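For reference, the structure discussed in these notes is given below.
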Amino acid sequence: MQKLVTFKEYTAVTPTAPISRNQHGFRAKCLQRLIRMGLPVPRTVALSFETVQAIAGGRMPDVARLLAGFGAAPLVSVRSSSQDPAWGGPNAVLNIGMNDARYAEFCETLGETAASALYLRFIQTYAVRAAHLDAALFDPGEEEGHAAVAAALRAYEAETESHFPQDPEEQLAGVLRSMARAWQSTSTRLLRQARGAPADAGLGLVVQEMALGVGAVESGAGIIQFIDPVSGKPQITGRYMSQSQGRDAVTQRERALFLTRDSRGASLEELCPDLFDELIAHGEACRSRLRDEMQLEFTIAAGRLAIIDAVIVPRSARASVQVVVALAQDDVITRSEALLRVPPRALNEVLHPQIDPATPRTRIVRGIAASPGAAAGKLVFSSTVAQAMAAQDEPCILVKRETSPEDVRGMHAARGVLTERGGITSHAAVIARGLGVPCVVGASELSIDKKARVMRTASGQVLREGDLVTIDGTSGEILAGVVPMLEPALDEAFETFLGWADEVRDIGIRVNADTPEDAQLASRFAAEGIGLCRTEHMFFAEDRLTAMRELIFADLPEDRADALAQLLPMQRADFTQIFRIMAGKPVCIRLFDPPLHEFLPHDRQGTLDLAEALNRPFSDVQRRIDSLREYNPMLGMRGVRLGLTVPEIYDMQARAIFEAALDASAGGDKPVVPEIMIPLVSACREVEIVTTRIEAVAHAVQAERGETLTYRIGVMVETPRAALRAADIVRFCHFLSFGTNDLTQMTYGLSRDDAGRFMASYVRQGVFPEDPFHTLDREGVGELLVLGAERGRKVRPDVVLSICGEHGGNSESIAFCRDAGFDYVSCSPYRVPLARLAAAQIAL
Ligand code: PEP
Ligand code: MG
């Protein structure tokens with residue numbers, strides 16, 4: 001004999017019943033709200049998580065008593081009700097209570113077709129879900145009416161060697177048991193955990209009286225929502241189908257009616273104008289009382305409307321922004337609530353084209369999602385080809401083992417970038433994010449043959465130059481062919497929404513912008529200034545690269561001066577433009593950082609071309625390239641070390657910055673106050689020497705121009721020693737900006753360009769909770785940030801503190817920096833809106 005559960009087994013859903021989302025799930029709670037609002041919801045009973053768990057364990061509640069509440073001849077449905085709709089749950093089961101006797105009765109009252117549809121649906125669902133029989137056995141084929149019902153009953157008997165259960169209690173118990181157990185199966189558990197559900201997430205069930213949807217007087221079922229789920233704009237969408245139940249109107253769209261009169265065909269509005277008006281009124285009431293855009297599932301039973309279910313409309317990120325702004329503007333929710341309802345990550349989807357979620361995906365390879373958005377194009381294996389394709393307006397996806405500064409132009413020309421190696425802060429990833437180009441890195445199952453211009457996947461698939469693919473930098477996938485996409489829209493709602501975020505946040509958001517184009521983008525995203533301008537990126541354009549190479553090859557000081565004289569006006573022009581675009585907002589320019597060899601060719605052909613351009617013997621050029629090669633360039637002669645070794649470079653840059661500041665200030669009411677930042681500092685003497693030289697340049701420019709300059713000098717804290725010695729360093733500068741890319745690399749002793757190879761495995765094994773180049777390591781790197789900030793502040797209380805590594809745009813890092821009293825964070829242009837929202841949410 002089955003044991004009965006002893007606790008409260010079920011609760012009739014009434015306006016005052018003790019129903020809670022934490023015990024009965026979202027659906028039960030939502031239905032109670034609809035009932036409180038006076039909506040025509042059929043009688044509903046809720047089974048709590050505890051009851052359903054007991055059912056799965058073999059303890060059935062008193063179903064006889066439960067069913068007694070539904071009258072002498074009960075006919076009910078069961079729906080799942082987990083705590084969060086995103087966690088899913090078993091599908092609804094309708095028409096429990098249908099048996100031979102009800103069938104005969106319905107044949108009389110509703111007609112054979114309608115009665116058969118009701119019974120057949122239940123037999124099929126019960127057989128498959130509760131008795132676990134093969135669905136194919138219950139396909140009615142050509143048969144209809146009595147014949148179809150008889151065939152289904154025969155099939156059930158043949159398979160189970162027993163009659164189809166006729167007792168509604170037995171039927172309900174079977175359905176409840178199967179749904180409770182389905183929730184506990186391994187595959188559904190893994191699926192919901194992937195959607196964020198905890199391991200012990202419970203399932204509630206809702207038993208509801210059927211509103212039939214079939215019969216002689218107008219009957220049917222449908223779904224209505226009041227927004228377009230993609231744009232979020234007000235629009236009545238959905239379908240209604242006469243003589244149908246549940247979601248038939250959606251699954252059999254072609255046979256269903258539209259809802260509104262102005263649609264392309266027959267509509268519910270014309271068929272039942274009064275019920276349509278009633279439905280609209282319910283929709284409006286739901287929006288204001290449930291404080292969201294709801295999708296209603298309704299039934300028309302013998303000419304009367306019943307609302308059987310309501311869920312929050314599933315929607316795109318763009319629609320989420322549109323909806324919360326409209327709700328706040330209509331005073332349905334507060335602005336704070338609007339801000340808190342959109343996860344910052346979701347804005348990625350708004351800022352970049354995205355693959356249409358309705359499209360099926362054929363994945364070729366997966367890597368690390370390094371720069372969001374999607375793009376389609378032909379595969380190319382070199383930057384030169386990418387540029388050539390761009391010149392012909394031919395979209396392409398650049399594939400490289402890894403990228404180097406030489407590839408920046410190719411990356412700019414490509415619609416997307418895929419690399420075999422590298423992690424979230426590899427060259428490809430950083431540049432792609434800066435450019436807003438979708439990028440996937442560390443696709444380690446790929447093997448690329450650059451010469452043959454093919455790539456092979458682990459499964460043996462071969463793709464050649466010219467093959468069409470779609471890159472999804474949001475999911476980290478490469479898909480076959482051209483996949484349909486949704487375009488980005490920075491519409492009015494988006495601007496309004498972020499404007500509200502700016503009103504509440506209390507930490508500054510600047511942008512990492514290297515070129516005038518970046519600065520333009522930064523202005524579009526309303527960054528408060530530039531927190532990091534990596535000046536070396538300006539040298540990769542064709543004409544500049546040559547001048548840069550001449551500088552590297554100059555043997556004599558006068559030759560060096562010549563090359564610098566070529567570079568000076570180019571830098572000055574860039575800076576002037578950037579200052580003008582930023583229109584008085586602060587601009588922080590970092591002096592030259594990378595090792596020089598990054599500007600030199602990496603293959604024989606490149607070296608030959610360079611020898612020709614410089615008019616020097618090949619062997620000479622090769623020797624110079626070899627002499628610049630370092631065993632560990634990221635820890636070698638770069639940053640301030642290069643600045644001290646070849647001081648003319650920093651002198652030239654300082655002059656370009658000062659002259660540009662004066663040029664850009666001319667005619668304006670407020671002078672430009674440039675910020676100059678020294679990279680890779682590890683000793684305070686480095687700062688002292690560079691500062692002295694910069695001051696000398698400032699004096700010279702002021703004397704030549706007869707004008708005064710105001711400027712600030714800062715240090716990039718990106719070596720552990722700089723953080724530890726912040727108290728000394730800060731004596732020579734106005735601000736400290738933590739470069740957490742290098743600081744993470746050096747704190748862990750982990751190469752930022754090679755970590756991609758094993759990062760996934762490290763995270764999987766729980767060695768690192770997450771990729772520290774992606775999520776700030778609060779315990780280690782974070783401690784250095786706090787230490788550096790405290791030590792710096794102690795000596796110079798007004799020192800401006802910031803972070804400018806890739807972590808700058810991430811919610812957790814922003815919260816961390818805010819707690820540590822930082823003044824601002826700086827991040828890639830496309831992350832600025834996310835950071836603005838995240839900072840607002842943290843402040844709320
Ligand atoms: C850093 O190291 O965090 C940084 C911002 O500089 P880069 O990435 O250019 O080395
Ligand atoms: Mg750095």
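Just one of the numbered conditions (1) within 27 Å of T403 (Cβ to Cβ); (2) more than 14 Å from ligand 1 (Cβ to nearest atom); (3) touching a His at 6+ places or on another chain (Cβ under 9 Å); (4) of a type outside the set (V, I, T) is not true of L776; which one?
(2) is the only condition that L776 fails.
If E528 passes every condition in (1) more than 16 Å from ligand 2 (Cβ to nearest atom); (2) at pLDDT below 95; (3) among the acidic types (D, E) but one, which one does it miss?
(2)
Can you find, within segment 729-772, the residue that is nearest to ligand 2 (Cβ to nearest atom) among those that are basic (K, R) and surrounded by fewer than 24 Cβ atoms within 10 Å (Cβ to Cβ)? First the steps, then the outcome.
Going residue by residue through segment 729-772, those that are basic (K, R) are 731, 752, 757, 764.
Applying the additional criterion that residues be surrounded by fewer than 24 Cβ atoms within 10 Å (Cβ to Cβ) yields 731, 757, 764.
Details: R731: 22, R757: 21, R764: 28 Å.
Applying the filter and picking the extreme gives R757.
State which residue is farthest from A760 (Cα to Cα) when the search covers only segment 412-448 and only residues that are hydroxyl-bearing (S, T, Y) and surrounded by fewer than 23 Cβ atoms within 10 Å (Cβ to Cβ).
Of all residues in segment 412-448, those hydroxyl-bearing (S, T, Y) come to 419, 425-426, 444, 447.
Checking the rest, the ones that are also surrounded by fewer than 23 Cβ atoms within 10 Å (Cβ to Cβ) come to 444, 447.
On the way: S444: 11, S447: 18 Å.
Among residues in segment 412-448 that are hydroxyl-bearing (S, T, Y) and surrounded by fewer than 23 Cβ atoms within 10 Å (Cβ to Cβ), the one farthest from A760 (Cα to Cα) is S447.
Go through segment 499-517 and count every residue that is out of contact with any Pro (no Cβ under 6 Å at 6 or more places or on another chain), buried (at least 23 other Cβ atoms within 10 Å of the Cβ) and outside any loop (DSSP other than H, G, I, E, B).
4
Six or more apart or on different chains, Cβ under 6 Å: which pairs go from a residue in segment 507-535 that's touching a residue at least 60 places away in the same chain (Cβ under 8 Å) and assigned by TED's automatic domain parsing to the domain that holds L834 to one that's within 16 Å of ligand 2 (Cβ to nearest atom) and of a type in the set (S, T, N, Q)? Could you list them?
R510/S826; N512/S826; N512/S828; G531/S802; G531/S826; L532/N512; L532/S826
Any residue that is among the charged types (D, E, K, R) and more than 32 Å from the chain's Cα centre (by Cα) - is there at least one of those in segment 729-745?
Of all residues in segment 729-745, those among the charged types (D, E, K, R) come to 731, 742.
Filter once more, so that each one left must be more than 32 Å from the chain's Cα centre (by Cα): 731.
Yes; the residues of segment 729-745 include at least one that is among the charged types (D, E, K, R) and more than 32 Å from the chain's Cα centre (by Cα).
Answer yes or no as to whether L31 is part of a loop (DSSP other than H, G, I, E, B) and within 25 Å of G213 (Cβ to Cβ).
On the way: part of a loop (DSSP other than H, G, I, E, B): no; within 25 Å of G213 (Cβ to Cβ): yes.
Answer is no for this residue.
Any chance segment 266-281 includes a residue that's within 26 Å of A319 (Cβ to Cβ) and not in a helix (DSSP H, G or I)?
Within segment 266-281, one or more residues are within 26 Å of A319 (Cβ to Cβ) and not in a helix (DSSP H, G or I).
Out of A726, A703, which single residue is farther than 25 Å from G584 by Cβ, small (G, A, S), more than 16 Å from ligand 2 (Cβ to nearest atom) and in contact with a strand residue (DSSP E or B) (Cβ under 9 Å, 6 or more places away or on another chain)? Full working, then the answer.
On the way: A703 fails: in contact with a strand residue (DSSP E or B) (Cβ under 9 Å, 6 or more places away or on another chain).
After applying the criteria, what remains is A726.
Is it the case, given these coordinates, that L259 is at pLDDT 90 or above and touching a Gly at 6+ places or on another chain (Cβ under 6 Å)? Give the steps one after another, and end with the answer.
On the way: at pLDDT 90 or above: yes; touching a Gly at 6+ places or on another chain (Cβ under 6 Å): yes.
Yes; evaluated as a whole, the condition is true for this residue.
For segment 666-701, what are the residues that are among the polar types (S, T, N, Q), more than 16 Å from ligand 1 (Cβ to nearest atom) and touching a residue at least 40 places away in the same chain (Cβ under 8 Å)? Show your work before the answer.
Taking segment 666-701 as the starting set, the residues that turn out to be among the polar types (S, T, N, Q) are 682, 691-692.
Subsequent filtering for residues that are more than 16 Å from ligand 1 (Cβ to nearest atom) retains 691-692.
Listed by number, the list holds a single entry, T691.
Just checking, how many residues over segment 211-236 are in a strand (DSSP E or B) and touching a residue at least 60 places away in the same chain (Cβ under 8 Å)? Reasoning before the result, please.
Of the residues in segment 211-236, the ones in a strand (DSSP E or B) are 220-227, 234-236.
Restricting the remaining residues to those that are touching a residue at least 60 places away in the same chain (Cβ under 8 Å) gives 220-227, 234.
Within segment 211-236, residues that are in a strand (DSSP E or B) and touching a residue at least 60 places away in the same chain (Cβ under 8 Å) number 9.
Here is a list: S288, S263. Which entry is outside the structural domain of M37 (by TED's automatic domain parsing), within 37 Å of the chain's Cα centre (by Cα) and surrounded by fewer than 16 Cβ atoms within 10 Å (Cβ to Cβ)?
Values: S263 fails: surrounded by fewer than 16 Cβ atoms within 10 Å (Cβ to Cβ).
None of the other options fit; the residue is S288.
Please verify whether C817 is touching a Gly at 6+ places or on another chain (Cβ under 7 Å) and crowded, with 24+ Cβ neighbours inside 10 Å, treating the condition exactly as stated.
Details: touching a Gly at 6+ places or on another chain (Cβ under 7 Å): no; crowded, with 24+ Cβ neighbours inside 10 Å: yes.
It is false that C817 is touching a Gly at 6+ places or on another chain (Cβ under 7 Å) and crowded, with 24+ Cβ neighbours inside 10 Å.
Residues are listed down the side, and each one gets a yes or a no for (1) out of contact with any strand residue (DSSP E or B) (no Cβ under 8 Å at 6 or more places or on another chain); (2) closer than 26 Å to G410 by Cα; (3) among the hydroxyl-bearing types (S, T, Y):
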{"position": "E542", "(1), (2), (3)": "yes, yes, no"}
{"position": "A547", "(1), (2), (3)": "yes, yes, no"}
{"position": "D555", "(1), (2), (3)": "yes, no, no"}
{"position": "L564", "(1), (2), (3)": "yes, yes, no"}
{"position": "T607", "(1), (2), (3)": "yes, yes, yes"}
{"position": "A613", "(1), (2), (3)": "yes, yes, no"}
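Just give me the residues in segment 631-650 being loosely packed, with under 14 Cβ neighbours inside 10 Å and part of a loop (DSSP other than H, G, I, E, B), in sequence order. I'd like the intermediate steps shown before the answer.
Pass one, segment 631-650, residues loosely packed, with under 14 Cβ neighbours inside 10 Å: 631-632, 645, 647.
Those that are loosely packed, with under 14 Cβ neighbours inside 10 Å and part of a loop (DSSP other than H, G, I, E, B): Y631, N632.
Between I713, I657, I678, which is closer than 18 Å to Q571 by Cβ, within 16 Å of ligand 2 (Cβ to nearest atom) and assigned by TED's automatic domain parsing to the domain that holds D574?
Values: I713 fails: within 16 Å of ligand 2 (Cβ to nearest atom); I657 fails: within 16 Å of ligand 2 (Cβ to nearest atom).
Criteria check complete, one pass: I678.
For segment 798-840, what are the residues that are within 16 Å of ligand 1 (Cβ to nearest atom) and of a type in the set (D, E)?
Listed by number, the list holds a single entry, E806.
When you go through R752, R731, R757 one by one, which is the residue that is over 21 Å from R831 (Cα atoms), touching a residue at least 40 places away in the same chain (Cβ under 8 Å) and touching a helix residue (DSSP H, G or I) at 6+ places or on another chain (Cβ under 8 Å)? Step through it out loud before you land on a result.
Values: R752 fails: over 21 Å from R831 (Cα atoms); R757 fails: touching a helix residue (DSSP H, G or I) at 6+ places or on another chain (Cβ under 8 Å).
R731 is the lone residue from the list that is over 21 Å from R831 (Cα atoms), touching a residue at least 40 places away in the same chain (Cβ under 8 Å) and touching a helix residue (DSSP H, G or I) at 6+ places or on another chain (Cβ under 8 Å).
Just to be sure before I move on: is V206 outside any helix (DSSP H, G or I) and of a type in the set (V, I, T) in the structure I sent?
Working: outside any helix (DSSP H, G or I): yes; of a type in the set (V, I, T): yes.
Taking the combined requirement at face value, the residue satisfies it.
In this structure, is E675 buried (at least 20 other Cβ atoms within 10 Å of the Cβ), charged (D, E, K, R), modelled with pLDDT of 95 or more and under 28 Å from S751 (Cα atoms)? Step through it out loud before you land on a result.
Details: buried (at least 20 other Cβ atoms within 10 Å of the Cβ): yes; charged (D, E, K, R): yes; modelled with pLDDT of 95 or more: yes; under 28 Å from S751 (Cα atoms): no.
Here the answer is no, as E675 does not meet what is asked.
Yes/no matrix, rows are residues, columns are (1) under 26 Å from the mean Cα position of the chain (by Cα); (2) more than 23 Å from Q354 (Cβ to Cβ); (3) within 16 Å of ligand 1 (Cβ to nearest atom); (4) among the charged types (D, E, K, R):
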| residue | (1), (2), (3), (4) |
| --- | --- |
| A391 | no, yes, no, no |
| M411 | yes, no, yes, no |
| A414 | yes, no, no, no |
| A429 | yes, no, yes, no |
| A432 | yes, no, yes, no |
| V437 | yes, no, no, no |
| E445 | yes, yes, no, yes |
| I448 | no, yes, no, no |
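From the list R239, R192, which residue is in a strand (DSSP E or B) and surrounded by 16 or more Cβ atoms within 10 Å (Cβ to Cβ)? Outline the logic, then answer.
Numbers: R192 fails: in a strand (DSSP E or B).
None of the other options fit; the residue is R239.
When only residues in segment 392-413 that are among the small types (G, A, S) and touching a Ser or Thr at 6+ places or on another chain (Cβ under 8 Å) count, which is nearest to ligand 2 (Cβ to nearest atom)? Reasoning before the result, please.
Our first condition is that a residue be among the small types (G, A, S); within segment 392-413, this holds for 404, 410, 413.
Filter again for touching a Ser or Thr at 6+ places or on another chain (Cβ under 8 Å), leaving 410, 413.
Details: G410: 23, A413: 26 Å.
In this case the residue turns out to be G410.
Can you name the strands (runs of 3 or more DSSP E) wholly within segment 364-422 that have at least 3 residues being touching a residue at least 60 places away in the same chain (Cβ under 8 Å) and either of a type outside the set (D, E, K, R) or on the phi < 0 side of the Ramachandran plot (or both)?
Details: elements: 368-371, 374-380, 396-400, 416-419.
Result: 368-371, 374-380.
Which one is surrounded by the most Cβ atoms within 10 Å (Cβ to Cβ) among residues in segment 597-606 that are closer than 22 Å to H427 by Cα and more than 16 Å from ligand 2 (Cβ to nearest atom)?
L600
The values are calculated or read from the model by the stated rules, or taken from the named source; none is laboratory data. Keep in mind the model is a prediction, meaning the values are calculated, not measured. Cβ atoms come from the backbone with ideal geometry, glycine included; neighbour counts cover every protein chain shown.
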